[in-house]
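Undergrad: This structure is in structure tokens; I'll ask about it shortly.
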């Protein structure tokens with residue numbers, strides 16, 4: 001956009017070292033030096049395209065930060081849908097522990113423990129040192145073993161947390177594919193990144209919401225509704241058996 005190519009040679013250098021090298025200082029300076037002219041260029045393009053209102057609406061929505069709930073992370077693990085209630089309760093407890101540990105350590109969650117490891121531990125009826133030794137690296141056993149055992153035991157026998165949403169059935173998936181095609185065509189005609197209108201997760205949420213409530217999901221209101229709302233409603237309304245795909249069938 002600005003005709004400037006930034007050097008990437010210091011990206012993986014040791015930024016904990018002090019003092020920083022002259023090359024690192026230059027890299028850090030360049031990282032922020034061009035932000036203001038870039039902002040001015042993009043703001044001018046928004047004005048010229050008549051899309052500033054779209055941008056401001058989007059930023060207002062994204063600015064409403066809601067911290068992630070550690071107790072809900074397990075819902076993002078698809079294998080949880082096939083687990084029995086107690087195993088799912090253990091998985092919820094283990095995932096919640098891992099989320100809090102990752103935040104406390106300021107590390108990516110999978111650098112603490114991977115999802116598949118937590119699933120394996122959750123499916124065990126008893127968590128002991130022998131299982132931990134077979135499943136985890138020695139350093140992780142020493143550092144996290146006792147906490148994992150406590151989290152595993154904290155799941156009560158009568159807990160049956162809800163399962164994650166299952167994949168869309170054939171009818172709902174067909175509707176989602178049709179909506180995505182509409183969104184991609186509209187994005188292309190506007191010269192817009194397709195993810196803004198046709199992200200798969202948003203499309204699936206729209207299909208689920210319409211089947212349950214007869215209206216578009218919140219993500220497809222506002223400026224998105226003005227672009228694809230009528231076509232989305234028309235396609236979904238004409239999809240025979242959509243509600244049945246959720247109520248009594250696959251979902």
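The values are calculated or read from the model by the stated rules, or taken from the named source; none is laboratory data. Remember, predicted model here, so these are calculated numbers, not experimental data. Note: ideal-geometry Cβ built from the backbone for every residue, glycine included; neighbour counts use all protein chains shown.
Undergrad: Output the helices (runs of 4 or more DSSP H) that fall wholly within region 71-131 and possess 3 or more residues being in contact (Cβ under 8 Å) with a residue 40 or more places away in the chain and closer than 17 Å to residue 153 by Cβ, or say none. Give the derivation first.
TA: On the way: elements: 85-105, 109-112, 115-122.
The helices (runs of 4 or more DSSP H) meeting that bar are 85-105.
Undergrad: When region 145-194 is examined, which residues are found to be touching a residue at least 40 places away in the same chain (Cβ under 8 Å) and over 30 Å from residue 100 (Cβ atoms)?
TA: Passing the criteria: 168, 169, 170, 171, 172, 174, 175, 178, 179, 182, 183, 186.
Undergrad: Right, something else. Given the structure, is residue 155 in a loop (DSSP other than H, G, I, E, B) and either more than 21 Å from residue 245 (Cβ to Cβ) or modelled with pLDDT of 95 or more (or both)?
TA: When the stated conditions are applied, residue 155 passes them.
Undergrad: Ok, one more. Being surrounded by 10 or more Cβ atoms within 10 Å (Cβ to Cβ), over 18 Å from the mean Cα position of the chain (by Cα) and not in a loop (DSSP other than H, G, I, E, B) is the filter here; which residues of region 48-58 pass it?
TA: Within region 48-58, 49, 52, 53, 54, 55, 56, 57 qualify.
Undergrad: Is it true that some residue in region 75-84 is farther than 30 Å from residue 219 by Cα and more than 19 Å from the chain's Cα centre (by Cα)?
TA: Pass one, region 75-84, residues farther than 30 Å from residue 219 by Cα: 83-84.
Among the residues that remain, those that are also more than 19 Å from the chain's Cα centre (by Cα) are: 83-84.
Yes, that holds for at least one residue.
Undergrad: Against the definition (surrounded by fewer than 18 Cβ atoms within 10 Å (Cβ to Cβ), within 22 Å of the chain's Cα centre (by Cα) and under 30 Å from residue 238 (Cα atoms)), how does residue 193 come out, yes or no?
TA: Details: surrounded by fewer than 18 Cβ atoms within 10 Å (Cβ to Cβ): yes; within 22 Å of the chain's Cα centre (by Cα): yes; under 30 Å from residue 238 (Cα atoms): yes.
The answer is yes for residue 193.
Undergrad: Continuing with this model, one more query. Just to be sure, is residue 61 surrounded by 10 or more Cβ atoms within 10 Å (Cβ to Cβ) and closer than 17 Å to residue 223 by Cβ?
TA: Values: surrounded by 10 or more Cβ atoms within 10 Å (Cβ to Cβ): yes; closer than 17 Å to residue 223 by Cβ: yes.
Here the answer is yes, as residue 61 does meet what is asked.
Undergrad: Going by what's in this entry, would residue 36 be described as without any contact (Cβ under 8 Å) to a residue 24 or more places away in the chain, farther than 18 Å from residue 155 by Cα and not in a helix (DSSP H, G or I)?
TA: Considered against the rule, which asks whether it is without any contact (Cβ under 8 Å) to a residue 24 or more places away in the chain, farther than 18 Å from residue 155 by Cα and not in a helix (DSSP H, G or I), residue 36 comes out as no.
Undergrad: I'm trying to understand the selection: among the residues of region 1-22, which are surrounded by 12 or more Cβ atoms within 10 Å (Cβ to Cβ) and more than 33 Å from the chain's Cα centre (by Cα)?
TA: Matches in region 1-22: 20, 21.
Undergrad: Inside region 161-218, counting only helices (runs of 4 or more DSSP H) that do not spill past its ends, which hold 2 or more residues that are farther than 30 Å from residue 50 by Cβ?
TA: 170-190, 200-213
Undergrad: Please go through region 224-243 and give me each residue that is crowded, with 17+ Cβ neighbours inside 10 Å and under 18 Å from residue 50 (Cα atoms), ordered by number.
TA: 224, 227, 228
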